[in-house]
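Report on the structure given below.
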Amino acid sequence: MPRFTPATQKVVDLLMVRSDRDRQRRIGPSELGNPCARCLAERLLGLRPPDKDIALAPLIGTAMHALLEHRSGLLEVGKGILTETKVNVGEVRGYGKVTGSCDRYDIEKHQVIDYKVVAKKKVKAYQSAVVATGSGEVFFDDDNPVSSTLKQYYTQLNLYGKGMVNAGEQVKNVALLFITRDASTEQLPQGLTELVFKFNMEVADQALERASNIYEWATSPGNSVDDIDSDTGCYYCRYRRGKEELDIF
């Protein structure tokens, strides 16, 4: 643990303050699309304790979200933009309502945008992992190691879209805006990449139904989350859970 002067330690303490998201115990839209049924079950049951450490990468993402919300409040008042909108995306049977915060919704363009602050090398991988057709079909390359994460993002997007529809808005498109965080020579707007998809309510509904089925099974007498298979691409299960627990590795 590094040591700091007392004056600097006050700054460190500010950075170490946990956000509402860090303290969140109930599941949100970002987790409903988790391809790992075991991890999803643990989160639904409240069995996964919050991380003790504060990772720097998510903190940078939180800061970028705050910057964009602040600038939108200064420059886009009355221009049909909603930021950090609290939405109800639906209900998981037996668990309750799932709510979240939609990063940005453009009322005129009927588009939801979710910000992702990521490493530069991940952006090209995400681009190569998906194909979206003009008819709205979306195909993922399951041989691409980032495909699992991108599917989760895609599900999250459509859940936010459903949340905005539930709030009385119309949604045509949902988009991921990737902002690179680790390239010192990157310029704007070159450091930004957008992936756009047609809004698909069915994807959101399927995610809620899947979570409902998992929760109902996990809370039934005689069943245990330890009996649920981990997804083969799950980072948490592979590197943090302990490989000795898993039959798949």
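The values are calculated or read from the model by the stated rules, or taken from the named source; none is laboratory data. This one's a predicted model, so the numbers in the text were calculated from it and none came from an experiment. Cβ atoms come from the backbone with ideal geometry, glycine included; neighbour counts cover every protein chain shown. To get the accessible areas, we keep the full protein, side chains included, count just its heavy atoms, and leave off ligands, DNA and RNA. Shrake-Rupley method; radii C 1.70, N 1.55, O 1.52, S 1.80 Å.
Here are a few things to note about the model shown:
- Probe 1.4 Å - accessible area at residue 192, Å² to nearest ten: 60 Å²
- Size descriptor for segment 148-249, Kirkwood hydrodynamic radius: 16.9 Å (Cα pairs only, one decimal).
- Overall Cα dimensions of segment 45-185 - principal axes, largest extent first, Å: 42, 41, 38
- Extents of segment 12-120, taken as max minus min of Cα coordinates on every principal axis and listed largest first, are 43, 40, 26 Å.
- Gained length - residue 141 relative to residue 205, 0.36 nm times residue gap less alpha-carbon distance: 20.8 nm
- Put a plus charge on the Cβ of each Lys and Arg, a minus charge on the Cβ of each Asp and Glu, and nothing anywhere else: the dipole of the chain about its Cα centre is then about 780 debye.
- Dipole of the chain, positive direction: furthest Cα of 160, 41, 94, with charges on the beta-carbon: 160
- When Rg and the Kirkwood radius Rh are both evaluated on Cα atoms of segment 73-150, their ratio Rg/Rh stands at 1.05.
- Unpaired Cys in the chain, meaning no second Cys C-beta under 4.7 Å: 102.
- Per residue value of the accessible surface for the chain (all protein chains in place, 1.4 Å probe), Å²: 59 Å²
- Within the accessible area of the chain (1.4 Å probe), percent carbon and sulfur: 52 percent
- When the Cα gyration tensor is reduced to axis lengths a ≥ b ≥ c, the ratio a/c stays below 1.5 for the chain, which is therefore classed as rounded.
- With a Förster radius of 25 Å applied to the C-beta separation of residue 132 and residue 15, the computed FRET efficiency comes to 0.10.
- One quarter of the surface of the convex hull around the alpha-carbon atoms of segment 114-184 equals 5.4 nm², the direction-averaged projected area.
- Placing +1 on each Lys and Arg Cβ and -1 on each Asp and Glu Cβ, with no other charges, gives segment 27-170 a dipole about its Cα centre of roughly 240 debye.
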